[in-house]
1. For the stretch 1-50, max minus min Cα coordinate along each principal axis, in Å, sorted largest first?
2. Given the rule -39500 (n - 2.57) for each run of at least 4 DSSP H residues, summed and divided by the residues of the chain, what is its mean residue ellipticity at 222 nm, to the nearest 500 deg cm²/dmol?
3. How high is the FRET efficiency from Arg236 to Ser78, r the C-beta distance, R0 51 Å, rounded to 0.05?
4. Are there GluC sites (Glu not before Pro) in the stretch 1-66 that DSSP puts in a loop and that have at most 16 other Cβ atoms within 10 Å, and which ones?
5. Using the Cβ atoms and a cut-off under 14 Å, what net charge is assigned to the surroundings of Val176, where Lys and Arg are +1 and Asp and Glu are -1?
6. If I stretch the segment between Ala132 and Ala179 completely, what's the gain in nm (0.36 nm per residue apart, minus their alpha carbon distance), one decimal?
7. Could you check the simple spin-label distance between Ser43 and Arg154, using points 7 Å along Cα→Cβ, in nm with one decimal?
8. Of [x] 31; [y] 36; [z] 40, which one was derived for percent of Cα pairs over 31 Å apart from the structure shown?
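What follows draws every value from the coordinates through simple rules; no lab data is involved. Keep in mind the model is a prediction, meaning the values are calculated, not measured. Methodologically, a virtual Cβ is constructed for each residue, glycine included, from the backbone with ideal geometry; neighbour enumeration extends over all protein chains shown.
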Amino acid sequence: MREPLQVLVLEDEWPARNYLVQLIEQSGLGHVLAAVPSPALASEALAAAPAPIDVAFVDIHLAGERDPSHAGLTWIESLAASSGGPTPPLRIVLTTASSEHAMRAFELGVVDYLLKPFTAGRVRTSLERLVASGSRLGPRSSPAPTRIAARSGRAVVFLQREEAFAFEAEGRLCFVHTAQGRLDVDLSLTSLEAVLGGAYVRVHRNWLVSVSHVRAMERESGDFVLLVGPAQPPLRVQVAKDRAAAVRDRLLTSAVGLRRDQS
């Protein structure tokens with residue numbers, strides 16, 4: 001079975017970034033190692049990625065940069081310059097609302113355009129073309145385990161799955177709870193749930209919790225609360241009423257000692 005392409009997403013708009021990550025992951029053809037809003041963070045993620053990145057999906061217009069109208073192209077040019085060649089050392093797919101920069105993109109070796117708004121079919125087609133063109137930069141003896149990229153100030157921190165107790169959404173921000181404290185992540189809970197799979201359970205619209213780090217499930221004034229993580233006191237996570245039965249079943253599935261139908 002072919003390994004998925006290792007992907008970097010550079011997109012400054014939070015909704016577009018997370019939707020693109022979901023479409024890439026759901027295609028089964030790509031795995032997002034990092035999704036970031038700025039060229040500086042993209043360069044850091046590229047340098048520190050736990051596996052070689054095959055392709056970057058890059059937005060042309062990036063708010064907050066010196067020249068936002070073509071900041072994505074400027075970053076691609078910097079990659080090419082640092083590699084000593086006319087094109088960057090990885091495949092590039094531009095994500096943009098127009099094709100006005102097509103000529104310069106062609107000169108830089110950009111392999112595809114994704115026009116906004118994204119669609120599942122168009123993202124899949126782009127990935128299929130990359131796979132068919134042999135875009136993998138080198139052989140891998142085995143697929144790299146998924147690690148979690150988070151931010152602590154200006155530093156990019158890479159965590160093993162078992163280091164992440166839970167993910168919390170707060171407004172438009174998202175955080176991961178670890179022994180190092182609460183760190184920033186750029187993906188939505190929905191995107192993280194798609195990437196991380198069954199090791200985590202969505203217990204509330206604002207919480208995604210590691211099954212292996214749940215220490216207890218308690219009733220509190222008619223509601224269920226999970227005690228999560230090794231800290232003292234543990235993290236207390238409320239379970240949504242409409243998810244309580246499914247969460248309890250999921251926790252009991254990975255445990256022995258009690259009947260699943262026991263109240």
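1. Rounded to whole Å, the extents work out to 34, 25, 9 Å.
2. For the chain, the value works out to -8500 deg cm²/dmol.
3. Efficiency computed from Cβ-Cβ geometry: 0.65.
4. Glu13
5. -3
6. 12.7 nm is the gain from fully extending Ala132 to Ala179.
7. Distance between the two pseudo-spin positions: 1.2 nm.
8. Checked against the structure: label [x].
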